[in-house]
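Engineer: Have a look at this one before I ask anything.
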């Protein structure tokens, strides 16, 4: 019985008795310490994983906000460029109108001088005083022509002065809008820099190994989201081929793989997400809006099942990110600061919808 009890205690089948006997055995203290150390390491690993995931979420949120601000910056920049062109056009119109006005004033001055040289007597009075019937008729014709010319000149002067005032008011309005958009652009630029700097600061606190783990964590999350998208069976209905223009756009976009993401960049060495799609479709022969939000707003929408390579997939509810569909469930895109143009799963981010640059409006 004693031998049996020893065996059962060793096997841990006597519950508390066996545990107490095991714990009290000085020979087993090192094993206890080993298990405690292992448990602590596991707990520390879990805590590190949770901490790193929290860092990832914070960094991702900051870069998402920077991307939203980048879209605001690009939109403001586009408006600034447009208004500058309009102001230049208005300035040319003002200059041309001023020259026409000066010419008419010179002609009006010449008429006034001629009347002065004639003694200041109205043409009608001279007409009545002419005793020669032929001269009377000639003077009547000339007087009529002079009256018509004077009326036309007065009308033109009035019209040109109205045009000039309108152009000046329009130019003032454009300048005010230009300044407002410049302020928006500068504010968005500061906001972008702040968010990117905060994200970089968070990343800089990580050790090299942690940075590698962070990248793997991002890839794993993207893979899970992509797998979930594929498991929905979405690709079974997508079998369209790229158009001729789409092939050119794809060729350009994929040739940029490995180049750095830089906010507001349109190439040729660095890109942001919509800068990449803009240049790719320019290479394909189509001019599209600069920002992902405007691409979503202005370009023809197509159903996901009708998507074909070369189409643009717009991401997130605010349309703040865009990638180009390559086929087989993949996109090429410029992800975020600190990353390079790359290929990833089309379903790795929340899809808002699909647009087609070379589709029918």
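The values are calculated or read from the model by the stated rules, or taken from the named source; none is laboratory data. Just so we're clear, the structure is a prediction, and the values are computed from it rather than from any experiment. Don't worry about glycine lacking a Cβ; one is built from the backbone with ideal geometry, like all the others, and counts go over all protein chains shown.
Engineer: Would you be able to say whether some residue in segment 259-275 is free of Cβ contacts under 8 Å to residues at least 12 places away in the same chain and farther than 26 Å from residue 60 by Cβ?
Structural biologist: Restricting attention to segment 259-275, the residues satisfying the condition of being free of Cβ contacts under 8 Å to residues at least 12 places away in the same chain are 265, 268-270.
Among the residues that remain, those that are also farther than 26 Å from residue 60 by Cβ are: 268.
The answer is yes; a qualifying residue exists.
Engineer: Right, here's the next one. So is residue 310 out of contact with any strand residue (DSSP E or B) (no Cβ under 6 Å at 6 or more places or on another chain), farther than 30 Å from residue 211 by Cα, assigned by TED's automatic domain parsing to the domain that holds residue 246 and not in a strand (DSSP E or B) or not?
Structural biologist: yes
Engineer: Please go through (1) loosely packed, with under 13 Cβ neighbours inside 10 Å; (2) under 30 Å from residue 197 (Cα atoms); (3) under 18 Å from the mean Cα position of the chain (by Cα) for residue 220 and return the number of the only condition it doesn't satisfy.
Structural biologist: Just one mismatch for residue 220, condition (3).
Engineer: Out of all the residues in segment 76-90, which are out of contact with any helix residue (DSSP H, G or I) (no Cβ under 7 Å at 6 or more places or on another chain) and in contact (Cβ under 8 Å) with a residue 40 or more places away in the chain?
Structural biologist: Correct list: 78 only.
Engineer: Conditions: (1) surrounded by fewer than 18 Cβ atoms within 10 Å (Cβ to Cβ); (2) touching a strand residue (DSSP E or B) at 6+ places or on another chain (Cβ under 6 Å). Residue 269 meets all but one. Number of the miss?
Structural biologist: (2)
Engineer: Do you know which of the residues in segment 292-302 that are in contact (Cβ under 8 Å) with a residue 60 or more places away in the chain and either farther than 18 Å from residue 266 by Cβ or in contact with a strand residue (DSSP E or B) (Cβ under 9 Å, 6 or more places away or on another chain) (or both) is surrounded by the fewest Cβ atoms within 10 Å (Cβ to Cβ)?
Structural biologist: 300
Engineer: For segment 53-87, give me each residue that is surrounded by fewer than 16 Cβ atoms within 10 Å (Cβ to Cβ) and not assigned by TED's automatic domain parsing to the domain that holds residue 188.
Structural biologist: 53, 54, 57, 58, 60, 61
Engineer: Something else: Within segment 199-233, can you find the residues that are over 30 Å from residue 304 (Cβ atoms) and either in contact with a strand residue (DSSP E or B) (Cβ under 8 Å, 6 or more places away or on another chain) or outside any helix (DSSP H, G or I) (or both)?
Structural biologist: Within segment 199-233, 205, 206, 207 qualify.
Engineer: Mind checking whether some residue in segment 224-232 is closer than 28 Å to residue 52 by Cβ, under 13 Å from the mean Cα position of the chain (by Cα) and surrounded by fewer than 18 Cβ atoms within 10 Å (Cβ to Cβ)?
Structural biologist: Looking for residues that are closer than 28 Å to residue 52 by Cβ, under 13 Å from the mean Cα position of the chain (by Cα) and surrounded by fewer than 18 Cβ atoms within 10 Å (Cβ to Cβ), one finds none in segment 224-232, hence no.
Engineer: Here's a check for you: in segment 171-196, which residue that is more than 19 Å from the chain's Cα centre (by Cα) and either assigned by TED's automatic domain parsing to the domain that holds residue 261 or surrounded by fewer than 13 Cβ atoms within 10 Å (Cβ to Cβ) (or both) is nearest to residue 81 (Cα to Cα)?
Structural biologist: The residue in question is 179.
Engineer: Name the residue, out of 199, 222, 188, that is under 25 Å from residue 71 (Cα atoms) and at pLDDT 85 or above.
Structural biologist: The conditions single out 222.
For every residue, the table says whether it meets (1) modelled with pLDDT under 80; (2) touching a strand residue (DSSP E or B) at 6+ places or on another chain (Cβ under 7 Å); (3) over 24 Å from residue 193 (Cβ atoms).
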residue	(1), (2), (3)
2	yes, no, yes
15	yes, no, yes
31	yes, no, yes
43	yes, no, yes
49	yes, no, yes
60	no, no, no
74	yes, no, no
80	no, no, no
96	yes, no, yes
